Amino acid sequence: AQWLKLLPVSGFFALGSAPLARPPWAGRMALTAQAGRGAEPRDFPSASRMEDDEEGNGEPSMSHCACLTVGAVTGCGGLVVCPGAASLADAADLLLHTDRTAALAVEGVGIALGLLTENDLLTAFVGGAPRECNVVAWLRDVRARLPWCMLPALTVEAGATIKEAARQMRLQKGTDNAQHHLVVQDAGGNLHGVLSALDIVRVLWLAGLCASTENAEGMVPEVWGLEKLEPPAHLVADLVGDLTVEAAMKPRAALPECPLEAPLSQAFASMASARQNCVLIVGTEEGDGRPCRPVHSVITPRDLVRVLAEGAPVTTTVESWLQGSQRGIEPRQIASSAGLVEAAAIMTTSSVHHLVVVEPVGRGVAGILSALDVVSAIGRV
């Protein structure tokens, strides 16, 4: 096993010595990851110390409740570390088995190279990079999304609120380096973790769960302590107000499409050229006597990660790929009139970043709601 710890060096990060657990699936390379989310109940640390009420009974006064911080959220999960010598295929395998969408890439004695994300793997594949291309070579490519030089601009303090982080993510949306991730550092400049868009969505789900369920504490270990920071109903109102899915989604007309019979390579290329994180998979059928393009499913960068990790041929048709993974759109559906808390619940419990939005009447596909769309909505409330 390796023993690693992230420490500040020359204004940013390098690796020193402290324990990280080495996952059993990383036998081919020294791919390293911390343990994932713990199952034990925990109290969320807050941005400011809570004060006892005037009676001194140890219960926090609502007037002094603090906000949930970015550091509390990233403290629940593990940081995935990938050596620069690893191939893109090995990096994909690491992301797949740790169920994360980004890994911190390091080289030599531990100098940070940047974050390697699912979008990097998509861009690399579509751009013709071989599976054997190593991570360090890719992150030094001009097409890399989060090389070392970009990390400071996408760094957030651990003491920042969830809304502040959402606003920072939203500002990057639509840019060449748009990301679903922020690097989190503590007050001393040490790396605390990586915050993803789905992490923020998870907070919204937990707050909604606490606000709507009388016995929420005991349903999900991580909700313990959330109500001590700020009333969950207030947190939900602060994050999304009464916004609906329709207000946050991307309309169908803005999304790329790919036919069922096309090869996977075409689906990935369509996604990359449209600069979107999903492509609608459509058929050609008759509806009311007229040709139509019903949506059968979606393909996302996660599919590309699986292709790289499993060594699947990209000539496989999309239809065969979806049948093999037993996937349709039903688990990913949500009504356009639904609230964002409901969307957050589906994304979190299903561990998906994209939902197919259907119209309340007729159930036609209206668009797609991504985790980043939810974060952008939080950032503009």
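The values are calculated or read from the model by the stated rules, or taken from the named source; none is laboratory data. Treat the numbers as computed from the prediction; the structure is a model and nothing was measured. Cβ placement follows ideal geometry from the backbone for every residue including glycine, while neighbour counts extend to all protein chains displayed.
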Within segment 94-122, residues surrounded by fewer than 22 Cβ atoms within 10 Å (Cβ to Cβ) and within 21 Å of VAL314 (Cα to Cα) come out as LEU96, HIS97
Considering (1) surrounded by fewer than 23 Cβ atoms within 10 Å (Cβ to Cβ); (2) modelled with pLDDT of 80 or more; (3) small (Gly, Ala, Ser), say which one ALA91 fails and leave the rest.
(1)
Within segment 123-131, identify whether any single residue is among the charged types (D, E, K, R), closer than 21 Å to LEU304 by Cα and free of Cβ contacts under 8 Å to residues at least 60 places away in the same chain, and answer yes or no.
no
Condition first: modelled with pLDDT under 90 and outside any helix (DSSP H, G or I). Now tell me which residues in segment 161-180 satisfy that.
LYS173, GLY174, THR175, ASP176, ASN177, ALA178, GLN179, HIS180
Taking only segment 355-367 into account, find how many residues are within 16 Å of LEU243 (Cβ to Cβ) and either within 19 Å of the chain's Cα centre (by Cα) or surrounded by 24 or more Cβ atoms within 10 Å (Cβ to Cβ) (or both).
2
Report yes if SER270 is assigned to a helix (DSSP H, G or I), at pLDDT 95 or above and touching a Cys at 6+ places or on another chain (Cβ under 6 Å), otherwise no.
yes
When the residues of segment 261-286 are narrowed to those that are closer than 20 Å to GLY128 by Cα and among the aliphatic types (A, V, I, L, M), which ends up surrounded by the fewest Cβ atoms within 10 Å (Cβ to Cβ)?
ALA274
ALA66 vs (1) of a type in the set (A, V, I, L, M); (2) in contact with a Pro (Cβ under 9 Å, 6 or more places away or on another chain); (3) at pLDDT 85 or above: all pass except (3)
Determine, yes or no, whether ILE346 is crowded, with 20+ Cβ neighbours inside 10 Å and within 30 Å of LYS163 (Cβ to Cβ).
no
Those residues that are among the polar types (S, T, N, Q) and modelled with pLDDT under 85, I need them from segment 181-198; list them, please.
ASN190
If I ask for residues that are buried (at least 18 other Cβ atoms within 10 Å of the Cβ) and more than 20 Å from LEU280 (Cβ to Cβ), which ones from segment 323-338 would you list?
none
Search segment 179-192 for residues that are assigned by TED's automatic domain parsing to the domain that holds LEU113 and pair each with any residue that is part of a loop (DSSP other than H, G, I, E, B) and among the hydroxyl-bearing types (Ser, Thr, Tyr) when their beta-carbon atoms are under 7 Å apart and the residues are at least 6 apart or on different chains.
HIS180/THR101
